[in-house]
Amino acid sequence: MFSIISEKTNWGGKDLSIETGKIARQSDGAVVVRYGNTTVLCTAVFDKNVAEDASFFPLTIHYQEKYYAAGKIPGGFVKREGKPNEREILISRLIDRPIRPLFPDGFLNEVQVICTTLSYDPECSPEIAALIGASAALSISGVPFLGPVAGCKVGYTKEGGFILNPTVQTDLDLVVAGTKEGILMVESEVNELSEETMLDAVMFGFEAFQPIIKMIEKLKKHAGRNVQEVIPFEKKYETTLEKVEKIASTKIKKALQITEKLPRRDAIEKAKEEVFEQLESEQDKVILDVLFEGLLAKIMRSTLLRTKKRIDGRDLDQVRPIACEIDVLPKVHGSALFTRGETQAIVVTTLGSSLDEQIQDTIDGDTRESFMLHYNFPPFSVGEIGRLGAPGRREIGHGKLAWRALHPLIPSKDIFPYTLRVVSDITESNGSSSMATVCGTSLSLMSAGVPIREHVAGIAMGLIKDGKKFVVLSDIMGDEDHLGDMDFKVAGTATGITALQMDIKITSINREIIKTALEQAKQGRLHILSIMNNTINTARKDLNENAPRMESIPLDKDKIRDLIGPGGKTIKEICERTQTKIEIDDDGNANIFAPNGEKMEAAKNAVKAICCQPEIGSIYEGTVQKIMDFGAFVSIGGGRDGLVHISKISNEKVKTVADVLKVGQTVQVKVIGIDDRGKIKLTMKDI
């Protein structure tokens, strides 16, 4: 019989329990986390044998939500859960990032973690429960996991300070995760808060999740399996490593002196090929590749710590050369080309109506999003050949990070009623294309005339740490990201931070390192903002000539039925004739969306003719109803007729009305008078 073991506590005013031994007992590790009324099942299974061709650690983490958890049936034609939606992908990444660094070097067994939300309470975050559960499942599974890890959400208001796992929206939406030693992961959307506040928020979260780590340690003590032993690669292949060092060390050092990415990459590959040629008879290529990459990282890191000079010759806090351009594409609504060193993004803004909003079916219900940011990373951006297809987890994650950075600056719908879609296509990449996307998006929005208050810029920071010695690097490039210990991305305005994302590749970092990175990132961000402001420093007052127009007309509510017509016939006919979109909102306004100003005027006149009281000076498209000797009666819609006197038909003299007009003819008329009895006088002259 399996014994059921559980740990319980009250955390932030809500009950939290972790239980094992009752469900999914054939997994290596399985726990059920209950946080309030949210219930998440987390399982961990690992292959006890290493694949022969293993050259990397094959960890996969899946988060999935069952719609029954919220008492819902999935929407759409297929009434079952399918491929992961964006929310599930982002939460899977959120769990993966603090867990991945906590496996020892040399452990290459395949590991799979699955987190399933079985019951959903909107007041209790399922992603935090899943993160805690994944850590607990791994901790008791027997896999050599260097955890446990835990995490929490942090909110902030100026009046109330920091809030643990907030249930309402605040100026800060932050998730922080780590071990009992330090921080491993931070992700946030921020309403322009200072570096000092962000640092305090991270440390508040660190202290808040320490009781959860103690819970998992207790659970592991009573339910944990024997941990599989791992022999580090360098120790296991010590003799081979000495040979690799003898062949490649000098060549690697020379290669790392090449400042350009592609020539440097070629020189490193040539050194690796020499290792393969000389040692492939003694050792498998996969092992040689792992040993070579370890040697490369060791040399790069030790050189940087000793000389304080980077691969491309920059100082530690120096940002690469930046070039900003706007209006680079002639027919789009707004565009920008942002280049920083060997990283480049073409970013395009498109304006749409409320009919273009993104509608998503989630366990929270149908959600609508009027600001979308899509990031694409084609293989040619790094000089490689690759498969093109649907966006992967990385592309979705990078796009969401840039979205978070810009979202606090996007104007509300009552100020700017357009739906916005921004697309960032990375055309070159050598480090932090997501931060290039942030900068390019800000430029593109201003180019399109979207009234954002000021620019948002982003910068990626890196870390090289050896014992107590460390250096923080500003504007990291690809090799520094790949071989370094941290990817720390900060975006914001001159006023404050709007997004922060941190991923650590070592077991943890402390307050001192985070503080140094934040201060150095601020200087880099302000430098980038100054260059962006030299290109364009305020949003254009007028929309791009290619951009559509949107206007709202208040309607006489008694006339709305006339505008719609039987079965929607009237409004559909106006939309087709004027090539516009018209929708009537709950407040009784007609929201008109037109491809240009001319079509906007035509649609406005058609709507006003039916639903609005005629105004002197207004122009309408009317239909001739009756011809008389002294003029013609013209219907201007809404059951209203007006008289065009024979003298007002043309600038030239008209002898007979019938010579110029016919019943049923469509004409443009202007209101020139309305008498006390409501009779309307019209003219066809000078329109």
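The values are calculated or read from the model by the stated rules, or taken from the named source; none is laboratory data. Here the structure is a predicted model, which means the values were calculated and not measured. So basically every Cβ, Gly included, is an ideal-geometry build from the backbone, and we count neighbours across all protein chains shown.
Of the residues that make up the stretch 44-58, is at least one buried (at least 20 other Cβ atoms within 10 Å of the Cβ) and either outside any loop (DSSP other than H, G, I, E, B) or at pLDDT 95 or above (or both)? Yes, the stretch 44-58 contains at least one residue that is buried (at least 20 other Cβ atoms within 10 Å of the Cβ) and either outside any loop (DSSP other than H, G, I, E, B) or at pLDDT 95 or above (or both).
Counted as qualifying within the stretch 384-478 are the strands (runs of 3 or more DSSP E) with 2 or more residues that are within 21 Å of THR516 (Cα to Cα) and more than 14 Å from the chain's Cα centre (by Cα), namely 457-466, 469-474. Every listed requirement among (1) closer than 26 Å to VAL472 by Cα; (2) under 25 Å from the mean Cα position of the chain (by Cα); (3) of a type in the set (Asp, Glu) is met by ASP315 save one, (2).
Please verify whether LYS246 is over 30 Å from GLY492 (Cβ atoms), free of Cβ contacts under 8 Å to residues at least 12 places away in the same chain and not assigned by TED's automatic domain parsing to the domain that holds ASP28, treating the condition exactly as stated. Criteria met by LYS246. For the stretch 85-106, state whether one or more residues are within 30 Å of VAL286 (Cβ to Cβ) and of a type in the set (S, T, N, Q). The answer is yes, given that some residue of the stretch 85-106 is within 30 Å of VAL286 (Cβ to Cβ) and of a type in the set (S, T, N, Q).
What number of residues in the stretch 341-366 are in a strand (DSSP E or B) and buried (at least 16 other Cβ atoms within 10 Å of the Cβ)? Qualifying residue count, the stretch 341-366: 11. For the stretch 404-430, a residue qualifies if it is touching a Phe, Trp or Tyr at 6+ places or on another chain (Cβ under 7 Å) and within 13 Å of HIS374 (Cβ to Cβ), and the qualifying residues are LEU420, SER424, ILE426.
Of the numbered criteria (1) in a helix (DSSP H, G or I); (2) touching a residue at least 12 places away in the same chain (Cβ under 8 Å); (3) under 30 Å from ILE514 (Cβ atoms), the one GLU293 fails is (2). Taken over the stretch 92-119, the criterion of being in contact with an Asp or Glu (Cβ under 7 Å, 6 or more places away or on another chain) and of a type outside the set (S, T, N, Q) is satisfied by LEU94, ARG97, GLU110.
Residues considered: ILE18, ILE5. Of these, the only one that is more than 21 Å from ILE95 (Cβ to Cβ) and crowded, with 16+ Cβ neighbours inside 10 Å is ILE5. Just to be sure before I move on: is ILE287 part of a helix (DSSP H, G or I) and closer than 30 Å to GLY383 by Cα in the structure I sent? Taking the combined requirement at face value, the residue satisfies it. Restricting the stretch 641-687 to residues that are basic (Lys, Arg) and surrounded by fewer than 17 Cβ atoms within 10 Å (Cβ to Cβ), the residue that is nearest to GLN613 (Cα to Cα) is LYS679. Screening VAL230 against (1) assigned by TED's automatic domain parsing to the domain that holds ILE132; (2) modelled with pLDDT under 95; (3) within 23 Å of PHE145 (Cβ to Cβ) leaves a single unmet condition, (1). At least 3 residues being closer than 26 Å to VAL382 by Cα is the threshold, and among the helices (runs of 4 or more DSSP H) wholly inside the stretch 223-280 those reaching it are 238-255, 261-279. Those residues that are of a type outside the set (A, V, I, L, M, F, W, C), touching a strand residue (DSSP E or B) at 6+ places or on another chain (Cβ under 7 Å) and in contact (Cβ under 8 Å) with a residue 40 or more places away in the chain, I need them from the stretch 609-625; list them, please. Once the filter is applied, which keeps residues that are of a type outside the set (A, V, I, L, M, F, W, C), touching a strand residue (DSSP E or B) at 6+ places or on another chain (Cβ under 7 Å) and in contact (Cβ under 8 Å) with a residue 40 or more places away in the chain, the stretch 609-625 yields PRO614, GLU615, GLY617, SER618, TYR620, GLU621, GLY622, THR623. Which is modelled with pLDDT under 85 and under 20 Å from LYS572 (Cβ atoms), of GLY639, GLY597, GLY678? The match here is GLY639. Among what's in the stretch 643-671 and is charged (D, E, K, R) and over 19 Å from TYR620 (Cα atoms), pick the residue that is nearest to the chain's Cα centre (by Cα). Looking at residues that are charged (D, E, K, R) and over 19 Å from TYR620 (Cα atoms), I get GLU652. State yes or no: is GLU260 over 23 Å from GLU428 (Cβ atoms) and at pLDDT below 90? So GLU260 does not fit the description; no. Meeting the requirement of 1 or more residues that are among the basic types (Lys, Arg), the strands (runs of 3 or more DSSP E) wholly within the stretch 492-594 are 549-554, 581-584. Being touching a Lys or Arg at 6+ places or on another chain (Cβ under 9 Å), over 30 Å from GLY478 (Cβ atoms) and crowded, with 20+ Cβ neighbours inside 10 Å is a condition met by no residue of the stretch 236-253. Restricting attention to the stretch 595-606, report how many residues are surrounded by 15 or more Cβ atoms within 10 Å (Cβ to Cβ) and not in a helix (DSSP H, G or I). Count: 1.
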